[in-house]
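Okay, so here's the structure we're looking at.
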Amino acid sequence: MKIWIAVASIMLLFSGCAGVGGGTPTKNPLNENTYRRISMDEAIQMMAEEENYIILDVRRANEFASGHIPGAINVPNESIGEKPIPELPDKSQLILVYCRSGNRSKQASAKLAAMGYTNIVEFGGILDWPGAVE
(Lines give C-alpha, C1' and ligand atoms only; values in the text may rest on other atoms or scores of the structure.)
Protein backbone atom coordinates (compact mmCIF):
# COMPACT_ATOMS: atom_id res chain seq x y z
CA MET A 1 0.00 0.00 0.00
CA LYS A 2 2.85 2.37 0.83
CA ILE A 3 4.35 1.73 -2.60
CA TRP A 4 1.11 2.74 -4.36
CA ILE A 5 0.93 5.96 -2.33
CA ALA A 6 4.55 6.75 -3.22
CA VAL A 7 3.93 6.05 -6.92
CA ALA A 8 0.77 8.18 -6.95
CA SER A 9 2.61 11.03 -5.18
CA ILE A 10 5.44 10.95 -7.71
CA MET A 11 2.97 10.95 -10.62
CA LEU A 12 1.19 13.98 -9.18
CA LEU A 13 4.50 15.75 -8.64
CA PHE A 14 5.62 15.24 -12.24
CA SER A 15 2.24 16.09 -13.75
CA GLY A 16 2.37 19.51 -12.08
CA CYS A 17 5.81 20.36 -13.43
CA ALA A 18 4.81 21.10 -17.02
CA GLY A 19 5.61 24.74 -17.75
CA VAL A 20 3.91 27.13 -20.14
CA GLY A 21 6.27 28.65 -22.65
CA GLY A 22 6.03 30.47 -25.94
CA GLY A 23 4.36 28.39 -28.59
CA THR A 24 3.27 25.68 -26.18
CA PRO A 25 -0.27 24.49 -25.60
CA THR A 26 -1.91 25.85 -22.48
CA LYS A 27 -4.42 23.69 -20.61
CA ASN A 28 -7.78 25.28 -20.16
CA PRO A 29 -9.06 24.61 -16.64
CA LEU A 30 -12.62 24.35 -17.98
CA ASN A 31 -11.85 21.30 -20.15
CA GLU A 32 -9.08 19.62 -22.13
CA ASN A 33 -9.08 22.07 -25.05
CA THR A 34 -5.97 24.17 -25.41
CA TYR A 35 -4.61 27.29 -26.99
CA ARG A 36 -1.04 28.26 -27.81
CA ARG A 37 0.88 31.17 -26.32
CA ILE A 38 3.54 32.76 -28.51
CA SER A 39 5.75 35.84 -28.37
CA MET A 40 4.98 39.06 -30.17
CA ASP A 41 7.84 38.37 -32.60
CA GLU A 42 6.40 34.93 -33.36
CA ALA A 43 2.99 36.50 -33.96
CA ILE A 44 4.43 39.04 -36.39
CA GLN A 45 6.20 36.24 -38.26
CA MET A 46 3.00 34.17 -38.30
CA MET A 47 1.04 37.12 -39.73
CA ALA A 48 3.64 37.44 -42.51
CA GLU A 49 3.64 33.74 -43.38
CA GLU A 50 0.08 32.53 -42.81
CA GLU A 51 -3.10 33.16 -44.77
CA ASN A 52 -6.76 33.13 -43.80
CA TYR A 53 -6.35 34.10 -40.17
CA ILE A 54 -8.22 36.47 -37.88
CA ILE A 55 -6.55 38.96 -35.57
CA LEU A 56 -8.88 39.21 -32.59
CA ASP A 57 -8.72 42.20 -30.25
CA VAL A 58 -10.57 41.35 -27.03
CA ARG A 59 -10.43 44.80 -25.45
CA ARG A 60 -13.56 46.90 -24.89
CA ALA A 61 -14.98 48.73 -27.91
CA ASN A 62 -13.71 52.15 -26.76
CA GLU A 63 -10.17 50.76 -26.39
CA PHE A 64 -10.37 49.18 -29.84
CA ALA A 65 -11.57 52.50 -31.32
CA SER A 66 -8.60 54.32 -29.81
CA GLY A 67 -6.19 52.21 -31.87
CA HIS A 68 -5.80 48.57 -32.90
CA ILE A 69 -3.61 46.31 -34.99
CA PRO A 70 -4.50 46.80 -38.68
CA GLY A 71 -7.07 44.27 -39.86
CA ALA A 72 -8.11 43.23 -36.35
CA ILE A 73 -11.71 42.62 -35.40
CA ASN A 74 -13.13 43.39 -31.96
CA VAL A 75 -14.99 40.93 -29.75
CA PRO A 76 -14.63 42.08 -26.12
CA ASN A 77 -13.51 39.43 -23.65
CA GLU A 78 -16.54 40.16 -21.50
CA SER A 79 -18.87 39.16 -24.33
CA ILE A 80 -17.21 35.79 -24.94
CA GLY A 81 -19.13 33.02 -23.22
CA GLU A 82 -21.13 30.05 -24.32
CA LYS A 83 -23.10 31.67 -27.15
CA PRO A 84 -21.87 31.37 -30.76
CA ILE A 85 -19.78 34.32 -31.93
CA PRO A 86 -21.01 35.55 -35.33
CA GLU A 87 -17.64 37.17 -36.12
CA LEU A 88 -15.91 33.79 -35.61
CA PRO A 89 -17.98 31.24 -37.54
CA ASP A 90 -15.15 28.80 -38.38
CA LYS A 91 -13.97 27.04 -35.22
CA SER A 92 -10.89 25.65 -36.98
CA GLN A 93 -9.66 28.96 -38.43
CA LEU A 94 -6.42 30.42 -37.08
CA ILE A 95 -7.33 33.14 -34.57
CA LEU A 96 -4.54 35.36 -33.19
CA VAL A 97 -5.73 36.90 -29.91
CA TYR A 98 -4.46 40.02 -28.15
CA CYS A 99 -5.63 42.65 -25.67
CA ARG A 100 -3.92 45.57 -23.93
CA SER A 101 -1.35 43.79 -21.77
CA GLY A 102 -1.97 40.05 -22.20
CA ASN A 103 -4.31 39.22 -19.33
CA ARG A 104 -7.68 39.41 -21.10
CA SER A 105 -6.25 37.69 -24.19
CA LYS A 106 -5.37 34.65 -22.05
CA GLN A 107 -8.86 34.64 -20.52
CA ALA A 108 -10.52 34.99 -23.93
CA SER A 109 -8.31 32.29 -25.46
CA ALA A 110 -9.25 29.85 -22.70
CA LYS A 111 -12.94 30.63 -23.17
CA LEU A 112 -12.70 30.22 -26.96
CA ALA A 113 -10.94 26.88 -26.53
CA ALA A 114 -13.69 25.80 -24.13
CA MET A 115 -16.24 26.71 -26.81
CA GLY A 116 -14.56 24.34 -29.26
CA TYR A 117 -12.27 26.66 -31.23
CA THR A 118 -9.24 24.59 -32.15
CA ASN A 119 -6.64 26.98 -33.59
CA ILE A 120 -6.28 29.73 -30.99
CA VAL A 121 -2.96 31.54 -30.63
CA GLU A 122 -2.55 34.14 -27.85
CA PHE A 123 0.25 36.66 -28.27
CA GLY A 124 -0.09 39.20 -25.48
CA GLY A 125 -0.94 42.87 -25.60
CA ILE A 126 -0.90 45.83 -27.91
CA LEU A 127 1.38 47.60 -25.43
CA ASP A 128 4.20 45.46 -26.91
CA TRP A 129 3.09 45.83 -30.56
CA PRO A 130 5.99 47.40 -32.53
CA GLY A 131 3.99 48.09 -35.69
CA ALA A 132 1.45 50.65 -36.78
CA VAL A 133 -2.02 50.91 -35.32
CA GLU A 134 -5.16 52.16 -37.00
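The values are calculated or read from the model by the stated rules, or taken from the named source; none is laboratory data. If you're wondering where the values come from, they're calculated on a predicted model, not measured in any experiment. Every residue, glycine among them, receives a Cβ derived from its backbone with ideal geometry; neighbour counts consider all protein chains shown. In case anyone asks, the SASA skips ligands and DNA or RNA and just uses the protein heavy atoms, side chains included. Shrake-Rupley method; radii C 1.70, N 1.55, O 1.52, S 1.80 Å.
Pop out the ³J(HN,Hα) list for the range 93-103 in order, Karplus 6.51 cos²θ - 1.76 cosθ + 1.60 with θ = phi - 60°, rounded to Hz; leave Gly and Pro as x.
Running phi through 6.51 cos²θ - 1.76 cosθ + 1.60 with θ = phi - 60° gives 5, 5, 10, 9, 10, 9, 9, 7, 10, x, 6 Hz.
Of GLU51, GLU63, GLU134, which has the most accessible area with a 1.4 Å probe, and how do the rest follow in descending order?
Largest accessible area first, the residues go GLU51, GLU134, GLU63.
In the range 44-134, with Lys and Arg counted as +1 and Asp and Glu as -1 at Cβ, which of these residues, SER66, ILE126, ASN103, has the Cα nearest the positive end of the dipole, that is, farthest along it?
It is ASN103.
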